[in-house]
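The values are calculated or read from the model by the stated rules, or taken from the named source; none is laboratory data. Model, not experiment: these values are computed from the prediction. Please note: Cβ atoms are built from the backbone with ideal geometry, for glycine as well, and neighbour counts cover all protein chains shown.
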Amino acid sequence: MVNYPQHIIPQTGDQMTVQEYFQLDYTVPNEKYEYQDGMIRLREGATVAHCEITGNIRVAFKQTNRRASCIMFGSDLRVLVAENCYFFPDLTVTCDAADRHPRNELIRSPRMVVEVLSPSTEKVDRTNKLKAYQGCPTIQEIVLIDQFFPHVEVYHRHEEIETEWSRSIYEAGEEVALQSVDLFIPMDEIYHNIDFNEPLVEE
């Protein structure tokens, strides 16, 4: 087991076993780490736009959800993506009854995952994480959302050839189709209350 002094926080790229990874929940309780191929990745904090986007999608899902058995969770729940691969997607939808148990701390059967892109995470989201998500047999759709410009990408698993994926790109004024959860949401709703022209005020 890796023993970190209390004043040292494990960093992205550190290597450890799965057992050591889960021990971080107790040794570093105020941080969230993802785990892939024996390496941890420290999740960063969110922006206002990031929080608005995820909040808008959750509201739309609750208002129009036609699948009573499906539920959407935020980034507080860990998702099992593959053997020895654990992520904290910004949003996750599961339709598996076992994932809905009140004491459950791990989503094992995600149907759709959403990642809001940021400059520091976009490369990983588009490469390592995207590939891992596509390898998860229960995931039907992967959604990547730009938080600084109205742009959404939806990767949809082919119904007959499960190893193949199609990609749809949505821009301002269009309606995003999330077929795996029967959700059709206008881009204006996803980016509601976000002003892309508002200048950044630096302290």
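Taking the stretch 1-45 as the range and being at pLDDT 90 or above, assigned to a loop (DSSP other than H, G, I, E, B) and more than 13 Å from V124 (Cβ to Cβ) as the test, the residues that pass are P10, Q11, D14, M16, T17, V28, P29, N30, E31, K32, G38. The single residue among C70, C85 that is over 14 Å from K32 (Cβ atoms), modelled with pLDDT under 95, crowded, with 18+ Cβ neighbours inside 10 Å and in contact with a strand residue (DSSP E or B) (Cβ under 6 Å, 6 or more places away or on another chain) turns out to be C70.
Looking only at residues of the stretch 119-137 that are in contact (Cβ under 8 Å) with a residue 24 or more places away in the chain and closer than 18 Å to S166 by Cβ, we find that the one that is surrounded by the fewest Cβ atoms within 10 Å (Cβ to Cβ) is P137. All of (1) within 18 Å of P137 (Cα to Cα); (2) at pLDDT below 95; (3) part of a loop (DSSP other than H, G, I, E, B) hold for R103 with one exception: (1). Which numbered condition trips up L106, out of (1) among the hydrophobic types (A, V, I, L, M, F, W, C); (2) in contact with a strand residue (DSSP E or B) (Cβ under 6 Å, 6 or more places away or on another chain); (3) surrounded by 16 or more Cβ atoms within 10 Å (Cβ to Cβ)? Answer for L106: the failing condition is (3). Being free of Cβ contacts under 8 Å to residues at least 60 places away in the same chain and surrounded by fewer than 17 Cβ atoms within 10 Å (Cβ to Cβ) is a description that applies to R167.
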